[in-house]
Amino acid sequence: MGNHATNAAAGSAISPEPLAVDVEETARLLNIGVSTTWQYIAAGRIKATKIGRRRVVTLAEIKRVAVEGC
């Protein structure tokens with residue numbers, strides 16, 4: 001029973017910010033075109049992960065690209 005309260009408290013501390021976003025949102029956040037974003041992913045300049053049929057980019061990767069550039 002004590003674990004349930006601990007888990008509930010931990011669950012409420014989770015940020016509503018997503019861990020990863022789709023390619024379209026990645027392009028919007030980086031202020032570049034979707035086609036350019038796909039080209040950077042294909043070239044390995046932006047790391048993307050395939051989840052099911054979707055490609056997603058972590059917010060950490062987006063921040064890295066924003067700071068360091070492609």
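The values are calculated or read from the model by the stated rules, or taken from the named source; none is laboratory data. Values in this document were obtained by computation on a predicted structure and should not be read as measured data. Here the Cβ is made from the backbone with ideal geometry for all residues, glycine too, and neighbour counts use every protein chain on show. Areas reflect the complete protein model, heavy atoms only, side chains present, ligands, DNA and RNA absent. Shrake-Rupley method; radii C 1.70, N 1.55, O 1.52, S 1.80 Å.
Conditions (1) open to solvent by 60 Å² or more (accessible area, probe 1.4 Å); (2) modelled with pLDDT of 95 or more, marked per residue:
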position: N3; (1), (2): yes, no
position: G11; (1), (2): no, no
position: I14; (1), (2): yes, no
position: V21; (1), (2): no, yes
position: Q39; (1), (2): yes, yes
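As a summary of the residue check, G69 satisfies the conditions (1) out of contact with any strand residue (DSSP E or B) (no Cβ under 6 Å at 6 or more places or on another chain); (2) open to solvent by 60 Å² or more (accessible area, probe 1.4 Å) except for the one numbered (2). One residue stands out among those in segment 47-66 that are part of a strand (DSSP E or B) and not basic (K, R): the one that is most open to solvent (accessible area, probe 1.4 Å), which is I51.
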